[in-house]
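Scroll down for the structure; my scribbles are underneath it.
The values are calculated or read from the model by the stated rules, or taken from the named source; none is laboratory data. Every value quoted in this text rests on a predicted model; they were computed, and no experiment measured them. Here the Cβ positions follow ideal geometry from the backbone for every residue, glycine too, while neighbour counts run over all protein chains shown. We work out accessible area using only protein heavy atoms, side chains counted, and drop any ligands, DNA or RNA first. Shrake-Rupley method; radii C 1.70, N 1.55, O 1.52, S 1.80 Å.
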Amino acid sequence: MRAAAVLIGAPGSGKTTVGTLLAARLGVGFRDTDHDVEAACGMPVPVLVRRHGEAHFRALEREAVRAALDGHDGVLALGGGAVLDPATQRLLAGQRVVHLQVALETALARIGDADDRPLLTGDPETRLRELFRVRGPVYRRLARLTVPADTDSADVTAERLADALAALPA
């Protein structure tokens, strides 16, 4: 099965917000793998990571991505670090992967104190800078389409993205 779009990007890039708007615009469903993980384990991702560690979360996340790509043909938002898993990268081959690209400053402003983002707590700027360094090349390599997501409203970004997706060859 192929999703209408798979959104990837840094924390604070707007994957969930833009994804929800894009799905409505395209008339398809929306799914967020972080929400899938929370539903499967019965607790919010920050609590899961604190109690069981990042490795356990990543294993659940990998399964959530696989299940979503197998059973969802709408818009799918992946957690920011999901793309680091080689198995997930292979699953994304042939999908309409969209990188929502934002500047570090925009992401920082959107995530605030990062209390609900366990990988960024303590020193969000330093940690986010490192995530950008490590994940940025992966996002760019996996994406069929890169869309700037930090200057326009989420609604305008979703509209631009819908137009760009319509122009992509099947």
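Once the Cα-Cα distance is subtracted from the 0.36 nm per residue extended length, the residue 2 to residue 89 segment shows a gain of 29.9 nm.
What the phi angles of region 137-153 give under the Karplus curve with 6.51, -1.76 and 1.60, with θ = phi - 60°, is a coupling list of x, 5, 4, 5, 5, 7, 6, 7, 8, 10, 10, x, 10, 10, 10, 9, 5 Hz, glycine and proline written as x.
Where only DSSP H runs of four or more residues are counted, the chain gives -17500 deg cm²/dmol as its mean residue ellipticity at 222 nm, each run worth -39500 (n - 2.57). Among 54-65, 75-86, 137-148, the peptide with the highest mean count of other Cβ atoms within 10 Å heads the list, and the full ranking is 75-86, 54-65, 137-148.
Computed over the chain, the convex hull of the alpha-carbon atoms projects to a mean area of 9.0 nm². Computed with a 1.4 Å probe over protein heavy atoms only, the accessible surface of region 47-113 comes to 43 Å² per residue.
Quick check for me: using +1 on Lys/Arg Cβ and -1 on Asp/Glu Cβ, what's the dipole size of region 4-154 about its Cα centre, in debye to the nearest 20?
Roughly 520 debye for region 4-154.
Starting from the Cα of residue 28, step 7 Å toward the Cβ, then list every residue of region 91-109 with an amide N under 13 Å from that point. The answer is 95-98, whose backbone nitrogens lie closer than 13 Å to the label point.
In region 13-66, the ratio of gyration radius to Kirkwood radius, Rg to Rh, stands at 1.06 when only Cα atoms are counted.
Surface composition of the chain: carbon plus sulfur atoms contribute 52% of the solvent-accessible area (1.4 Å probe, protein chains only, all chains present). In this label model, residue 109 and residue 67 are separated by 3.7 nm, measuring between points 7 Å along each Cα→Cβ vector.
Evaluating kT/(6 pi eta Rh) at 20 °C and 1.002 mPa s, with the Kirkwood radius of region 1-95 over Cα pairs in the Stokes-Einstein relation, gives 161 µm² s⁻¹.
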